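Taking it in order: structure first as structure tokens, then the write-up.
The values are calculated or read from the model by the stated rules, or taken from the named source; none is laboratory data. Since we're looking at a predicted model, the values are computed, not measured. Cβ atoms come from the backbone with ideal geometry, glycine included; neighbour counts cover every protein chain shown.
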Amino acid sequence: MIPRRALKPYLAEFLGTALLIVIGDGVVAQCLLSDYQYGTWLSINIAWASAVCLASYLSDPRPTINPAVTLCMAFVRPSAGQWKSIPAKLVAQFLGGFVGAAIVYINYRSAINDWDPEYTIPGGSILSPRGHHSAGIFSTYPAAFFQSNWEAVFSELLGSAVLMFGSLSIFDPGNTHRFPAPQLSLFLLLCMIGAALGWQTGYALNPARDFGPRLFSAIIYGPEVFTAANYYFVVPLFAPIVGCIIGAMTYDGMLFEGDGSRIADALDKAEAYGSLRLE
């Protein structure tokens with residue numbers, strides 16, 4: 001048997017991501033299915049941020065509950081044995097997103113059937129006579145006014161870069177005296193991103209947050225959840241990874257003074273030897 005202590009990091013990723021989706025998709029469902037009588041865009045931002053904040057308490061070190069952050073840290077700040085744990089962590093994160101979406105659907109099944117009996121998808125082939133699209137509860141879809149998915153790519157890149165940049169600042173060892181409660185600072189960071197950058201794409205910022213629930217929604221809504229909006233599902237799957245790497249490179253290249261960063265170490269070598277070599 002595998003000791004429970006050895007499984008804890010992976011269980012924390014699974015449970016943290018499931019919690020994120022139960023609360024995050026749950027608040028979207030409550031707002032949407034009640035025609036915003038029982039929630040607003042602000043409550044959506046607060047609920048998502050609260051879920052991320054709470055998930056960060058599940059273990060020490062805290063789970064990332066985000067494949068983009070997990071991969072970014074492995075690229076930019078590698079540590080011994082880090083890559084060996086990544087496949088299992090990614091599986092746990094995506095599975096958590098799938099299970100969380102299933103729980104949300106079970107909880108709101110009757111409300112979804114009443115609000116959107118056609119079970120429609122934003123940008124899909126089936127039209128709702130009332131203009132309702134309940135598939136958006138589970139995963140993100142771009143705003144209808146976008147002329148190209150590349151505009152959505154930029155929005156997701158920007159939000160993910162701010163997420164990574166802000167997170168590295170909050171959890172920087174040099175800032176521990178400034179952020180005695182980093183989880184609260186993380187909550188404020190997520191609220192800020194949602195309030196300022198979230199509207200156009202639903203600010204996925206997290207491949208597991210989008211793909212896991214989207215995979216579950218395919219069972220209910222059909223495979224068109226992957227082809228809708230010109231195969232939009234690719235954007236929240238890959239753009240957050242690139243965005244997080246950009247944010248991490250920016251922070252480590254300009255502000256980070258600790259050890260273990262490929263970017264900071266390369267710049268330190270450049271200062272010492274007069275040439276820039278990224279190893």
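In this structure, does Ser59 turn out to be within 30 Å of Ala6 (Cβ to Cβ), modelled with pLDDT under 95, in contact with a Pro (Cβ under 8 Å, 6 or more places away or on another chain) and not hydrophobic (A, V, I, L, M, F, W, C)? If you could, list the steps in order and put the result at the bottom.
Details: within 30 Å of Ala6 (Cβ to Cβ): yes; modelled with pLDDT under 95: yes; in contact with a Pro (Cβ under 8 Å, 6 or more places away or on another chain): yes; not hydrophobic (A, V, I, L, M, F, W, C): yes.
So Ser59 fits the description; yes.
Please work out which one of (1) modelled with pLDDT of 95 or more; (2) of a type in the set (Phe, Trp, Tyr); (3) surrounded by 14 or more Cβ atoms within 10 Å (Cβ to Cβ); (4) under 20 Å from the mean Cα position of the chain (by Cα) is the condition Trp150 fails and give its number.
Result: Trp150 passes all but (3).
Take the conditions exposed (fewer than 15 other Cβ atoms within 10 Å of the Cβ) and closer than 30 Å to Met164 by Cβ and apply them to Gly97. Does it pass?
So Gly97 does not fit the description; no.
Identify the residue in the range 164-215 that is buried (at least 21 other Cβ atoms within 10 Å of the Cβ) and of a type in the set (S, T, N, Q) and, among all such residues, is farthest from Gly247 (Cα to Cα).
Applying the filter and picking the extreme gives Thr201.
Mind checking which residues of the range 1-20 are buried (at least 24 other Cβ atoms within 10 Å of the Cβ) and of a type in the set (D, E, K, R)?
Glu13
Which number in (1) crowded, with 16+ Cβ neighbours inside 10 Å; (2) closer than 30 Å to Pro9 by Cα; (3) hydrophobic (A, V, I, L, M, F, W, C) marks the one condition that Ile112 misses?
Among (1) crowded, with 16+ Cβ neighbours inside 10 Å; (2) closer than 30 Å to Pro9 by Cα; (3) hydrophobic (A, V, I, L, M, F, W, C), Ile112 violates only (2).
Hey, can you tell me all the residues within the range 204-237 that are aliphatic (A, V, I, L, M) and assigned to a helix (DSSP H, G or I)?
Taking the range 204-237 and keeping what is aliphatic (A, V, I, L, M), we get 204-205, 208, 215, 218-220, 225, 228-229, 234-235, 237.
Passing the criteria: Ala208, Leu215, Ala218, Ile219, Ile220, Val225, Ala228, Ala229, Val234, Val235, Leu237.
Which residues, counting only those in the range 100-109, are buried (at least 16 other Cβ atoms within 10 Å of the Cβ) and either modelled with pLDDT under 95 or farther than 13 Å from Leu15 by Cα (or both)?
Ala102, Val104, Tyr105, Tyr108
Here is a yes/no grid of residues against (1) without any contact (Cβ under 8 Å) to a residue 12 or more places away in the chain; (2) in a helix (DSSP H, G or I); (3) basic (Lys, Arg); (4) under 11 Å from Val52 (Cβ atoms):
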{"residue": "Ser169", "(1), (2), (3), (4)": "no, yes, no, no"}
{"residue": "Phe179", "(1), (2), (3), (4)": "yes, no, no, no"}
{"residue": "Gln183", "(1), (2), (3), (4)": "no, yes, no, yes"}
{"residue": "Phe187", "(1), (2), (3), (4)": "no, yes, no, yes"}
{"residue": "Ala195", "(1), (2), (3), (4)": "no, yes, no, no"}
{"residue": "Thr201", "(1), (2), (3), (4)": "no, no, no, no"}
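Which of the residues that make up the range 43-90 are surrounded by 21 or more Cβ atoms within 10 Å (Cβ to Cβ), assigned to a helix (DSSP H, G or I) and of a type in the set (S, T, N, Q)?
Correct list: Thr70 only.
Test Ala218 against the criterion of being surrounded by fewer than 19 Cβ atoms within 10 Å (Cβ to Cβ), hydrophobic (A, V, I, L, M, F, W, C), without any contact (Cβ under 8 Å) to a residue 60 or more places away in the chain and within 29 Å of Ala102 (Cα to Cα), and give yes or no.
yes
Going through Ala144, Ala208, Ala181 one at a time, which residue ends up being at pLDDT below 95 and within 30 Å of Asp259 (Cα to Cα)? Can you show your working first?
Values: Ala144 fails: within 30 Å of Asp259 (Cα to Cα); Ala208 fails: at pLDDT below 95.
That would be Ala181, the only listed residue that is at pLDDT below 95 and within 30 Å of Asp259 (Cα to Cα).
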